Amino acid sequence: MKHVIDSTDLTVEEIDGILKLAQDIIDDKEAYSEACKGKKLATLFFEPSTRTRLSFESAMMELGGNVLGFSSADSTSATKGESVGDTTRVVSCYADIIAMRHPKEGAPMVAAEKSLIPVINAGDGGHQHPTQTLADLQTIRSLHGDLNNFTIGLCGDLKFGRTVHSLINALVRYEGIKFIFISPEELKIPDYVTDMLREKGIPFQEVIRLEDVMPKLDLLYMTRVQKERFFNEEDYVRLKDFYVLTPEKMELAKPDMLVLHPLPRINEISVEIDDDPRAAYFKQAQFAVYVRMALILTLLGLA
């Protein structure tokens, strides 16, 4: 039985297989409309979510399966002190596969150790978000054309951004990737990430000003400054609008540079960018449904 807790739990070959299956689903959704008939997905969301939870539910419904679960820890026995392991062990008696989001890093790994069925990490604290990474990779492959040989700028909250950490872990396994990390000092990429890049001989650059590197980028991955990760309100207020992508800044970019964002967006991308053909973040949200459909099928052995 395979779980997906970290983006590195999938080999490059497995990722390519999931992305290929996702493209097959895009090309012929009807062929998969009953692939999970009689199967149940449990969505255990201990932390608020819109896109991730609804896209998992949509994915299972598109496959002809059913969904059960919760969208808040307040409505569960966690309020009585039940452990993540016990909750998972019980729920795995009711469903065929679990998608879990939790504010504590490592909680989905604990769940996987106790579960009788596959567990998918739908985001744990500031740690990992592997299915968002699959959506990111599908977006890049579909719109950019290749997962090799490009320069990607990651901008905003790189310290707590689990989508950033997952994406980096996935991209380092492809060829010719160059990273540019754009953040204020307080939200810079963790040292363990840059240490890993140095060990692998992968080029990267750390800067503060977005404008200085815009002309170099093939992809720009924007992130929000996450209020829920701050202990100090003053620090959040000071940093939340540090980066705002505007039409003026987009004029500095290549004509085919793609703008990605895992969403939700707050102020970091002007709504004026939405009509720019390089804006890919809403397409990214749609691709997320297809890759989650493909992952569910793969983990259930139905692909």
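The values are calculated or read from the model by the stated rules, or taken from the named source; none is laboratory data. The model shown is predicted, which means the values in this text are computed figures rather than measured ones. A quick note on method: Cβ atoms are made from the backbone with ideal geometry, for glycine too, and the neighbour counts reach across all protein chains shown. Just so you know, the surface numbers come from the protein's heavy atoms only, side chains and all, with ligands and any DNA or RNA stripped out. Shrake-Rupley method; radii C 1.70, N 1.55, O 1.52, S 1.80 Å.
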- Residues of segment 168-185 being farther than 26 Å from P215 by Cβ and either part of a helix (DSSP H, G or I) or in contact with a Pro (Cβ under 7 Å, 6 or more places away or on another chain) (or both), which ones? N169
- Task: Report yes if some residue within segment 115-137 is surrounded by fewer than 17 Cβ atoms within 10 Å (Cβ to Cβ), outside any strand (DSSP E or B) and not polar (S, T, N, Q); otherwise report no.
- Result: yes
- Message: Can you go through E105, E47, E57 and tell me which one is touching a His at 6+ places or on another chain (Cβ under 9 Å), within 18 Å of Q132 (Cβ to Cβ) and free of Cβ contacts under 8 Å to residues at least 40 places away in the same chain?
- Response: E105
- Message: If the requirement is being among the aliphatic types (A, V, I, L, M), at pLDDT 90 or above and under 20 Å from the mean Cα position of the chain (by Cα), which of these qualifies: V291, V271?
- Response: V291
- Return a yes/no flag: does segment 74-94 have any residue that is open to solvent by 40 Å² or more (accessible area, probe 1.4 Å), touching a Leu at 6+ places or on another chain (Cβ under 9 Å) and either closer than 14 Å to M293 by Cα or of a type in the set (K, R) (or both). yes
- Scanning for something in contact with a helix residue (DSSP H, G or I) (Cβ under 8 Å, 6 or more places away or on another chain) and assigned to a helix (DSSP H, G or I), does segment 258-273 turn up at least one residue? yes
- Message: If the requirement is being open to solvent by 20 Å² or more (accessible area, probe 1.4 Å), farther than 20 Å from I177 by Cα and in a loop (DSSP other than H, G, I, E, B), which of these qualifies: E105, E57?
- Response: E105
- Query: Applying the selection to segment 22-48, what residues are under 24 Å from the mean Cα position of the chain (by Cα) and open to solvent by less than 40 Å² (accessible area, probe 1.4 Å)?
  - Reply: A22, I25, C36, L41, A42, T43, L44, F45, F46, E47
